[in-house]
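Notes to accompany the following structure.
Laboratory data are not the source of any read-out in this text; all were calculated from the coordinates shown. Just so it is clear, the structure is predicted and the values come from calculations on it, not from any experiment. Cβ atoms come from the backbone with ideal geometry, glycine included; neighbour counts cover every protein chain shown.
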Amino acid sequence: MINNIIFSIILDLIVTMRECMDQQENLVNELNNITTEGQNPNTLDIDLLDSLGVLKKINTEDKKVADVVEQLLPEIAKAVDMIVDAFSVGGRLIYIGAGTSGRLGVLDSVECPPTFSVSSEQVIGILAGGAGAMYKAVEGAEDNKQLAIGDLTAINLSNKDVVVGIAASGRTPYVLSAMQFAKAQEATVIGISCSANNNYATHTDVNLCAVVGAEALTGSTRMKSGTAQKLILNMLSTASMIRSGKSYKNLMIDVNASNKKLYARAVRIVMQATECDFATAEQALAEANNQTKLASLMVLTGLDVKSAEIALLNNKGFLRKAIELG
């Protein structure tokens with residue numbers, strides 16, 4: 001009886017080990033077919049070069065990124081339109097990813113409130129493993145499908161929202177699970193990746209696949225892939241904010257003057273927007289409670305605070321339209 005139990009335990013261990021080995025082999029084979037994991041023929045000698053030589057190799061590869069992103073501009077424009085539509089009905093822009101990809105999403109999200117005076121709830125960055133993963137990798141988080149569902153459930157994902165799944169490889173289980181869940185909730189789903197993956201594309205309304213090729217250092221997707229993702233994220237958030245009335249000409253007219261540097265920038269923006277002097281800009285900002293757009297409208301039209309507020313409200317925050325009708 002005891003021998004049978006021992007035999008059964010040993011057999012179970014052997015089966016488990018075999019399954020683990022098979023899973024690992026399958027993952028290795030999967031990585032072989034992912035562009036971002038390829039070995040770059042142009043940098044095979046990079047370990048033999050001096051510092052300048054190494055940098056030249058990296059720079060040569062980096063130069064290719066913008067051209068690849070350029071080819072995606074029509075699709076990025078579709079994504080921007082979807083985000084603008086979501087904002088207009090109270091929806092949110094939600095970035096979700098793991099590792100470098102997730103950190104880039106968080107970085108873009110936290111820059112939106114000071115730059116555009118939007119709520120920290122309008123653009124959200126979710127990183128597999130939580131806030132601590134921003135500084136130290138959380139083991140297994142990127143493979144945890146249920147964690148992604150929990151993270152989106154925690155922020156009350158709705159069909160008004162736009163979810164942007166970011167994964168250089170296009171295969172990260174955490175991100176794929178998030179995108180599948182978002183689709184099930186009828187949210188709009190945008191995918192950002194750097195390796196063609198039909199499974200990834202299946203779960204998106206817009207698939208932004210920037211195939212920048214193998215990295216200078218094999219598999220280090222914080223390099224070209226990270227740069228491509230950063231460029232696309234910059235475009236998504238900035239263009240969406242511009243299309244939502246957050247700029248005047250090319251000025252950050254809704255900048256939040258929350259510190260000395262940003263206050264100085266706000267004064268300068270009012271001066272640039274209206275061609276007024278320093279004293280006039282400061283006075284207008286004081287009357288407008290440091291709201292750059294409101295202060296600019298007051299200077300440009302002579303409206304008082306209340307009338308300027310109403311003009312902006314009637315024109316959905318677009319300064320040009322408020323000036324024309326003011």
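Overview of results
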read-out	value
All-pairs alpha carbon distance profile, segment 215-259, 5 Å steps from 0, percent	5, 20, 17, 15, 13, 11, 9, 8, 3
Amide H partners (placed H, <5 Å) of Ile126, local residues excluded	Tyr95, Ile96, Gly97
Over the chain: Kirkwood hydrodynamic radius from C-alpha pairwise inverse distances, Å	22.3
Lys/Arg +1, Asp/Glu -1 at C-beta; the chain dipole; positive extreme among Asn315, Gln185, Ala239	Asn315
Full-stretch length increase - Glu275, Ile155 - with 0.36 nm per residue and alpha-carbon distance subtracted	38.9 nm
Rotationally averaged projected area of segment 52-243 (alpha carbon convex hull; nm²)	10.6
Cα-projected label distance for Lys321 with Met134, points at 7 Å along beta-carbon direction, nm	3.5
Alpha carbon convex hull of segment 260-325, projected area averaged over orientations, nm²	3.9
Given charges at beta-carbon only (K, R positive; D, E negative), |dipole| of the chain in Debye	880
Estimated [θ] at 222 nm from DSSP helical runs (n ≥ 4, -39500 (n - 2.57)) normalised by residues in the chain, nearest 500	-18000 deg cm²/dmol
Computed Rg/Rh of segment 196-299, alpha carbon atoms with Kirkwood Rh	1.22
About the Cα centre, charge dipole magnitude for segment 122-170 (Lys/Arg +1, Asp/Glu -1 at Cβ), debye	120
Using θ = phi - 60° and Karplus 6.51 cos²θ - 1.76 cosθ + 1.60, couplings along segment 134-150 (whole Hz; Gly, Pro as x)	5, 10, 8, 4, 9, 4, x, 4, 5, 9, 8, 5, 5, 4, 5, 5, x
Gain upon complete extension [Ala196, Thr218; 0.36 nm per residue less C-alpha separation]	6.2 nm
In nm, spacing of pseudo-spin labels at Asp62 and Asn234 (7 Å Cα→C-beta vector)	1.2
